[in-house]
1. I'm checking my understanding of the structure. Among residues of the range 165-190 that are crowded, with 20+ Cβ neighbours inside 10 Å and part of a loop (DSSP other than H, G, I, E, B), which one is modelled with the lowest pLDDT?
2. Kindly provide the set of residues from the range 26-67 that are within 19 Å of Arg195 (Cα to Cα), buried (at least 24 other Cβ atoms within 10 Å of the Cβ) and either touching an Asp or Glu at 6+ places or on another chain (Cβ under 9 Å) or of a type in the set (Lys, Arg) (or both), ordered by number.
3. Identify, from the list Ser126, Ser102, the residue that is under 14 Å from Arg157 (Cα atoms) and surrounded by fewer than 24 Cβ atoms within 10 Å (Cβ to Cβ).
4. Please count how many residues of the range 108-153 are at pLDDT 95 or above, closer than 23 Å to Phe196 by Cα and not in a helix (DSSP H, G or I).
Amino acid sequence: MGTTISPMRPDPSSRCPGGQPSGKPSLLLHVCCGPCAGHVVEFLSPSYRAVGFFYNPNIHPRDEFYRRLEAAWAVCRASGIPLWTSLYDPSGWFWAIRGRESDPEGGERCRLCFSLRLEATARMASGASFDLFATTLTTSPHKNAKVINEEGEHWARVHAVGYLCSDFKKRDGHRRSLEISKKLGLYRQRYCGCRFSNRPVNPPGSLICL
């Protein structure tokens, strides 16, 4: 069963093929959430012509999806970059992780979740003629950057597009993401996103990024 993406693009001029007058490489940035995106957009903007891509079918329930989408919009509006989104449809995600529902956080279910989202981003980046793609997922101290980058590099090869390896939590990246979140008044989630991670294990005020 494949995943259907229905992107809602605010303006055709937001397409970022290579060879723009600015001379900056074009980059499609997978945005997992607003809090993680703030630091990453700030860090990448001087070097890349970025467009955000909010594709996160793992998020549960629907209301939570739209709360996180609004936070992503807030970051992109403040940064002056476009944001492409997909319709809320978790069915492809449930199919992708079938049989792994009981896995612990950080296990194979999470790898499959990363893979689904990064494959969609790589496919979109290739189809829209971006030079490369990246993800904000590595901002979170709860996410394994090595696993995320392995999946990103794999799908970059499959779709013949570049991938920017990252560990955005380093060099105070996570701390900076919290500062920007507070400045913009962003919604800060307390669980990763999927229904299986939504357990009352995190203290009030803690932040668990996607």
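1. Among those residues, the one meeting the criterion is Gln189.
2. Pro57
3. Values: Ser102 fails: under 14 Å from Arg157 (Cα atoms).
On inspection, the qualifying residue turns out to be Ser126.
4. 2
The values are calculated or read from the model by the stated rules, or taken from the named source; none is laboratory data. Just so we're clear, the structure is a prediction, and the values are computed from it rather than from any experiment. Using ideal geometry, Cβ is built from the backbone for each residue, glycine included, and neighbour counts are taken over all protein chains shown.
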